[in-house]
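Beneath this line is the structure, given in structure tokens, with notes to follow.
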Amino acid sequence: MLLREVDHVGIAVEDLEAAIEEYRRAFGIEPAHRERVEHQGVDEVLFGVGTSFIQLLGSLGPDTPVGRFLARRGEGIHHIAYRVDDVEAALAALRDAGVRLIDERGRPGSRGTTVAFVHPSAMHGVLVEVVQEGR
Ligand code: CO
């Protein structure tokens, strides 16, 4: 495989609007993208950092992955996403390496990407995502 770059670092926040404002004020940067991903229960905002992004994640409710993360662990780094050329090939390589996966197949992410998640138990406690541009 083929980890090309860090695509984004996802940060779970309690109050997305307040967090956006703090990032604006602290770094003098504007959001590059904003999207609600209903099936994942998140509102997300991306700030560009070089060719990567910082992704602020607000939950759409307590019974969502980010909502449960916030209740359990509070605000902080939620996942790290690596850019790959081909999510299905990345999943096949991970499977061959015996790595525990959350997603057996790629699924739609924001910005028209295809994404899949690797189980944190296989990644020293860090939720890892692989991201491919396009579907
Ligand atoms: Co992500």
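Quick note: the coordinates plus some simple rules give every number you see, no bench work behind them. Note that the structure is predicted; figures quoted are calculated from it, not measured. Virtual Cβ from ideal backbone geometry, glycine too; neighbours counted across all protein chains shown.
For the chain, the relative contact order works out to 26 percent when only alpha carbon pairs closer than 8 Å and six or more residues apart are counted. For the chain, a Gaussian network of Cα nodes joined below 10 Å ranks ALA97, ALA71, ALA12 by mean-square fluctuation, and the top entry is ALA97. Basic side chains Lys and Arg get +1 at the Cβ, acidic Asp and Glu get -1 at the Cβ, and with that the dipole of the chain about its Cα centre reaches some 260 debye. Extension gain for VAL99-ALA32 works out to 20.8 nm (0.36 nm per residue, less the C-alpha to C-alpha distance). Projecting the Cα atoms of ALA71, HIS119, VAL13 onto the charge dipole of the chain (Cβ charges, centred on the Cα centre) puts HIS119 farthest toward the positive pole. Here the simple spin-label model places points 7 Å from the Cα toward Cβ, and for ILE77 and VAL49 these points are separated by 0.9 nm.
Take the Cβ atoms of VAL9 and HIS119, set R0 to 22 Å, and the FRET efficiency comes out at 0.75.
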